[in-house]
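Q: Pasting a structure here, questions to come.
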Amino acid sequence: MKRLRIGVVGCGNISSIYLKNCGSVFGNLEIRALADLVPERAKAKAAEFAAETGDARACTLRELLAAEDIDAVLNLTIPNAHAEVSLAALEAGKHVYGEKPLAVSLAEGERIAALAKSKGLRLGSAPDTFLGAGLQTCRKLIDEGWIGEVVGATAFMLCGGHEGWHPDPAFYYKRGGGPMLDMGPYYIHALVSLMGPVAGLVGQAKTAWAERTVTSKQRYGERIEVEVPTTVTGLLDFESGASAVLMTGFDAMGGTTHAPLEIYGSEGTLLAPDPNTFGGPVRIRRKGAAEFSDLPLLFRYAENSRGLGLSDLAAAIEEGRPARASGELALHALEIMEGIHASAAEGRRCVMRHGCARPSPLDA
Ligand SMILES: NC(=O)c1ccc[n+]([C@@H]2O[C@H](COP(=O)([O-])OP(=O)(O)OC[C@H]3O[C@@H](n4cnc5c(N)ncnc54)[C@H](O)[C@@H]3O)[C@@H](O)[C@H]2O)c1
């Protein structure tokens, strides 16, 4: 098996789990180098990696992009930097896999996808939670007809915002933030995997309060001017004829009792796990049954397996097939998220321009 040699750009919070998994779970990936705008962060991550799993050098972004021993860039920078870093990596001839969202605007996402295509390079993107044990079990149940013909779904990500716990929460309320861009990709990748691509949509978007007050310790009392809608809802039409409600919000101050993701079919209802996780529970109630039952997970990767999509992309390169957590899927998700905001602002229905193949399921 050939290993894909990886250079990581962005050594913040999420990089630790990627380093751990790439170093010990996915045998077809090899981390070679680490870069960050703040050089000390790359050095600290290299030390953390050396202590736990393997060897990787800390270097500058320029050195990483020029390195001949790096095949692919893992872009773990903040959303506003995704496009700049991914475009530079593609220009340097590297495959790219990045954290969500693909970019903060559809125009940027289209530039990235077009450059990857013109250079003959692979583009992939998180979320890859839809490849985890929970959502792959749901996929198998749907494909095998356990809930019959899928007619609809509801997906909810509602909370009271992040100013109560996050040490520096302002970015959630600025361009590139908001509940849909932050969390929508998990739900959209899951929905497209389970129900196929979206054909069109209408959206609603509201800003509940123009200002939020931080109540977490470090910046207690600071005011945040809200620049983005904080309750954002899409009504999605799928190419299959099914429809779904996707509601994301930072304004549910008392929380919610809605299940994160429910799929409705002619023969039953499936309760899918939180799409921001790799595991379960998976619950089903078939027509006529008195109550929902828990089902066992039929796939691997129930724990935090971030990097699974990158490992699949490496295998896809070897096998000459499409990757599952692909740039095409991420661009489709970005078009849906931007479409919901545009539909809300302009009072019109949006028809998707970028199609997307339903990613193939994993083997049980
Ligand atoms: N933190 C989480 O729990 C989490 C979970 C899932 C996904 N994500 C996604 O992962 C990405 C990173 O999140 P994070 O929480 O690790 O952020 P972070 O702020 O902790 O880390 C980002 C790092 O990127 C570096 N960086 C920014 N711009 C750069 C550039 N142009 N070149 C090189 N380095 C640059 C920063 O210096 C920082 O060290 C985001 O896209 C986020 O949506 C985060």
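Q: Mind checking which residues of the range 236-251 are in contact with a helix residue (DSSP H, G or I) (Cβ under 8 Å, 6 or more places away or on another chain), in a loop (DSSP other than H, G, I, E, B) and crowded, with 16+ Cβ neighbours inside 10 Å?
A: Hits for the range 236-251 are Ala242, Phe250.
Q: Which ones in the range 22-80 are at pLDDT 95 or above, more than 16 Å from the ligand (Cβ to nearest atom) and over 25 Å from the mean Cα position of the chain (by Cα)?
A: Glu68, Asp69
Q: Residue under question is Pro101, and the condition is that it be at pLDDT below 95, under 20 Å from Met180 (Cβ atoms) and not charged (D, E, K, R); does it hold?
A: No.
Q: Residues of the range 174-203 being modelled with pLDDT of 95 or more and part of a loop (DSSP other than H, G, I, E, B), which ones?
A: Gly178, Gly196, Pro197
Q: Scan Phe130, Phe171 and give me the residue that is within 16 Å of the ligand (Cβ to nearest atom), surrounded by fewer than 19 Cβ atoms within 10 Å (Cβ to Cβ) and assigned to a helix (DSSP H, G or I).
A: So the residue among Phe130, Phe171 that is within 16 Å of the ligand (Cβ to nearest atom), surrounded by fewer than 19 Cβ atoms within 10 Å (Cβ to Cβ) and assigned to a helix (DSSP H, G or I) is Phe171.
Q: Could you list, in sequence order, the residues of the range 84-95 that are more than 10 Å from the ligand (Cβ to nearest atom) and either in the same structural domain as Ala170 (by TED's automatic domain parsing) or more than 13 Å from Gly7 (Cα to Cα) (or both)?
A: Result: Leu87, Glu91.
Q: Which one of Ser24, Ser86 is out of contact with any strand residue (DSSP E or B) (no Cβ under 6 Å at 6 or more places or on another chain) and under 25 Å from Asp312 (Cβ atoms)?
A: Ser24
Q: Might you check whether a residue that is outside the structural domain of Phe238 (by TED's automatic domain parsing), outside any strand (DSSP E or B), polar (S, T, N, Q) and free of Cβ contacts under 8 Å to residues at least 24 places away in the same chain occurs anywhere in the range 118-126?
A: Yes: the range 118-126 contains one or more residues that are outside the structural domain of Phe238 (by TED's automatic domain parsing), outside any strand (DSSP E or B), polar (S, T, N, Q) and free of Cβ contacts under 8 Å to residues at least 24 places away in the same chain.
Q: Still on this structure, please answer the following. Among the residues in the range 133-156, are any within 11 Å of the ligand (Cβ to nearest atom), in contact (Cβ under 8 Å) with a residue 12 or more places away in the chain and not small (Gly, Ala, Ser)?
A: The answer is no, given that none of the residues of the range 133-156 is within 11 Å of the ligand (Cβ to nearest atom), in contact (Cβ under 8 Å) with a residue 12 or more places away in the chain and not small (Gly, Ala, Ser).
Q: In addition: Could you check, for the range 252-262, whether at least one of its residues is within 27 Å of Met180 (Cβ to Cβ), surrounded by 15 or more Cβ atoms within 10 Å (Cβ to Cβ) and under 18 Å from the mean Cα position of the chain (by Cα)?
A: Within the range 252-262, one or more residues are within 27 Å of Met180 (Cβ to Cβ), surrounded by 15 or more Cβ atoms within 10 Å (Cβ to Cβ) and under 18 Å from the mean Cα position of the chain (by Cα).
Q: Please work out which residue is nearest to Gly184 (Cα to Cα), limiting yourself to the range 298-336 and to residues that are outside any helix (DSSP H, G or I) and without any contact (Cβ under 8 Å) to a residue 60 or more places away in the chain.
A: So, considering only residues that are outside any helix (DSSP H, G or I) and without any contact (Cβ under 8 Å) to a residue 60 or more places away in the chain, the one nearest to Gly184 (Cα to Cα) is Glu303.
Q: Taking the conditions exactly as written (of a type outside the set (Lys, Arg), out of contact with any Leu (no Cβ under 7 Å at 6 or more places or on another chain), surrounded by 23 or more Cβ atoms within 10 Å (Cβ to Cβ) and farther than 15 Å from Leu308 by Cα), does Ser86 satisfy them or not?
A: yes
Q: Another question about this same structure. Of the residues that make up the range 269-288, is at least one of a type in the set (A, V, I, L, M), within 17 Å of the chain's Cα centre (by Cα) and not in a loop (DSSP other than H, G, I, E, B)?
A: Among the residues of the range 269-288, at least one is of a type in the set (A, V, I, L, M), within 17 Å of the chain's Cα centre (by Cα) and not in a loop (DSSP other than H, G, I, E, B), which makes the answer yes.
The values are calculated or read from the model by the stated rules, or taken from the named source; none is laboratory data. The model shown is predicted, which means the values in this text are computed figures rather than measured ones. Here the Cβ is made from the backbone with ideal geometry for all residues, glycine too, and neighbour counts use every protein chain on show.
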